[in-house]
1. Which whole-Hz ³J(HN,Hα) couplings does the range 8-23 yield from phi under the Karplus relation 6.51 cos²θ - 1.76 cosθ + 1.60, θ = phi - 60°, glycine and proline marked x?
2. Could you go through the range 25-36 in sequence order and give the Karplus-derived ³J(HN,Hα) for each residue, using 6.51 cos²θ - 1.76 cosθ + 1.60 with θ = phi - 60°, rounded to whole Hz, and x for Gly and Pro?
3. Spin-label point model (7 Å from Cα, Cβ direction): what's the Ile12 to Tyr34 distance in nm?
4. Using the Karplus curve 6.51 cos²θ - 1.76 cosθ + 1.60 with θ = phi - 60°, what ³J(HN,Hα) values do you get for each residue of the range 40-50, in whole Hz, with x for Gly and Pro?
5. Students often get this wrong, so try it: which of (i) 16, 14, 12; (ii) 43, 11, 5; (iii) 16, 13, 9 is semi-axes √(5λ) of the Cα gyration tensor in Å as calculated from the structure shown?
6. Provide the net charge surrounding Tyr21, with neighbours chosen by a C-beta distance below 11 Å and charges set as Lys +1, Arg +1, Asp -1, Glu -1.
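We did not get these values from a lab; they are worked out from the coordinates using the rules stated. Owing to the predicted nature of the structure, the values given are computational and were not obtained by experimental measurement. So basically every Cβ, Gly included, is an ideal-geometry build from the backbone, and we count neighbours across all protein chains shown.
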Amino acid sequence: HEPQLNDCEIKILSESRLSVYMFAPDTGIASGQYAAFYDGEVCLGGGMIE
């Protein structure tokens, strides 16, 4: 399936943790999945969802 792109705001909590605020609800997100963060076509990073 195709990845879903959503606008969000990221707050850096520590060197290894982020807090992500989604501007629209997404019921398909679950612990153990991975997220990637992009600015246009540039990948800024990603990690596992707790």
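1. For the range 8-23, the Karplus curve yields 8, 10, 10, 10, 7, 8, 7, 5, 10, 9, 10, 10, 10, 9, 8, 6 Hz.
2. Computed from phi, the couplings for the range 25-36 are x, 9, 7, x, 8, 9, 4, x, 7, 10, 10, 10 Hz.
3. About 2.2 nm, to one decimal.
4. Rounded to whole hertz, the list is x, 9, 9, 7, 8, x, x, x, 7, 7, 8.
5. The calculated read-out lines up with (i).
6. Taking every other residue near Tyr21 into account, the sum is -1.
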